[in-house]
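Since every read-out is calculated from the coordinates, none of them should be taken as a lab result. What you see is a predicted model, and the numbers here were worked out from it, not measured in a lab. Because the Cβ atoms are built from the backbone with ideal geometry, glycine has one as well, and the counts that use them run over all protein chains shown.
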Amino acid sequence: MKGDALSRYQARYARLGAGPLPVGELLELVGDVLRRSDRLGTDGVEEALKGLDRPEVEAWLARQKPQALQPLLLRAAEESMEVALGEEGEEAELWRASALEGLAARDRAASAARALATWELLKGPLDGDALAARERLLGALGHLDTALRSRARWFIPLNAERRAERDLLDPVERPGAWWFSARAGCDDLVASWTGRPMKDPEHLKDCASCRADRADTAVVDSPPRRHLTDDELWRLDSGEMGREERERVEAHTAGCGECAQAVLALEEGDAAIDEALELDEDGAQAPRAARDSRADVARRPGAARLPEHREVLEERRDFRVVLVRERQRVRLLVQPLGTRAVTAAVFLSPGRPSLKPTQGPEGLSFDLSTALATGAHAAHLTVQAGQETLERDFAF
C-alpha cells in the first residue's frame with residue numbers, strides 16, 4: 001500500500017509541469033509535495049507558487065468553507081466502523097474507499113494551508129480582508145482538529161492505509177496529521193470489539209489510549225439491565241409467553257420495582273375487568289368498599305409508577321444536555337439556553353447510524369429507545385452553538 005501511495009503522489013507532482021491548474025488544486029498539490037519533500041523533493045515548487053497572483057489567492061481564500069470538513073469526517077468515521085463490523089468483500093472495500101476519501105479531504109486542506117504559508121514567504125504577507133479570511137480558515141481547521149483528534153479511534157479500521165500515508169509524510173509533519181497518525185498502531189482495539197484474532201494482545205495493556213477506550217466502553221460489554229418491553233408485557237398478559245421466558249421475567253421483576261409495577265398494573269387491570277363483568281351479570285353496582293379496596297394495593301411500596309428521571313450531562317452558556325429516563329423510553333434533550341442556534345448529532349458506537357433529532361418545545365430530542373432495543377448502551381454526542389463545540393461520549 002505504501003508503494004501505491006507513493007506512486008499516486010509522484011503522479012500528482014508530475015502535474016505541476018503539465019499546464020495551468022485552478023488555484024485551489026495547485027495549492028493542494030504543492031502542499032502535498034512540501035509535506036513529503038523527503039521522498040519527493042521540491043524541484044519546481046517555488047516557481048509554481050510564484051506564478052500565483054495575489055488577487056487569485058485572495059479570491060480563493062474568500063470561497064473557503066472549512067466547516068464542511070466536519071460532516072465529511074463524521075461520515076468517514078461511520079464508514080470506517082462499517083469496515084470493522086462487516087465481512088470482507090466488495091461492500092467493505094467500498095466503505096473503505098469512501099472513508100479514506102474523507103481523511104484525504106482533511107489532508108488536502110492541510111496541504112493547501114502549508115502551500116499558502118510558503119506563498120506568503122515568497123510573495124509577501126496577506127493583509128486586510130484576505131488576512132482575516134486566512135485566519136478564519138486556519139482557526140476553523142484548528143477547531144475541527146481539537147474536536148475530532150481525540151476520536152481518532154474511529155479510524156483504526158483503516159490503519160493499514162493510514163500508516164502508509166503517515167510514513168510518506170516528513171517526520172515533522174506527522175504529529176499534526178492526526179487523521180493519518182493518531183492511533184495508527186492500535187489495530188487490536190477493533191479486534192477487541194469484534195472478537196477477531198489479535199496481532200499483539202500486549203498492546204491493549206501497554207497503550208494508555210486503548211485502556212481508556214476499553215474503560216469507557218465497559219458499559220457496552222456489561223450493559224445496564226433493560227426494562228421489559230411493551231411486546232413482552234403484551235405476550236405475558238395474553239398468555240403467549242413460554243415458561244422459560246416467564247421465569248426470566250419473574251427473576252427480573254424480583255429486583256426491578258418499575259417492571260414489577262408494570263406487571264402489577266396488568267394484574268389489577270384484569271381483576272377490574274373480571275369484577276365489572278360479574279357486576280354486569282348481577283345487574284348491581286359495586287359497593288363503595290369494593291371500589292376502594294384496590295387503593296391499598298396502589299399505595300404499596302414500589303407500586304406507584306416511577307416519575308420521569310432527568311440527569312443533566314452537560315451545561316454550557318448556550319445549551320444544556322439532559323438524559324431523560326421515562327417508564328418505557330429514554331431520550332436525550334439538547335436545550336438551547338441563549339440566543340445562538342444550536343445543532344446536535346448523536347452517533348451510536350461502534351458502527352451504527354447516527355440518530356436524527358426532532359424539534360420540540362424543550363429543544364432537540366433524540367429517542368434512544370430504539371437504540372436500546374438493538375443492544376446499544378453508549379453513544380457519542382456532538383453539539384455546536386456558535387463557535388462552541390461539545391464532544392462527549394455518554395451511556396444510557
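In straight Cα distance, which lysines are under 26 Å from residue 123, not counting same-chain residues fewer than 8 positions off? Leaving aside lysines fewer than 8 places away in the same chain, those within reach of residue 123 are 50, 65. Fully extending the segment from residue 230 to residue 362 would add 44.9 nm, taking 0.36 nm per residue of separation and subtracting the current Cα-Cα distance. Projecting label points 7 angstrom from Cα along Cα→Cβ for residue 68 and residue 39 puts them 2.8 nm apart.
In this simple spin-label model, placing a label point 7 Å from the Cα along the Cα-to-Cβ direction at both residue 393 and residue 315 gives a separation of 2.6 nm.
A Förster distance of 35 Å, applied to the separation of the beta-carbon atoms of residue 97 and residue 59, puts the FRET efficiency at 0.60.
Selection among 119, 84, 104 by position relative to the dipole of the range 5-185 gives 119 as farthest towards the positive end (Cβ unit charges, Cα centre). Computed from the C-beta positions of residue 341 and residue 105, the FRET efficiency with R₀ = 25 Å rounds to 0.50.
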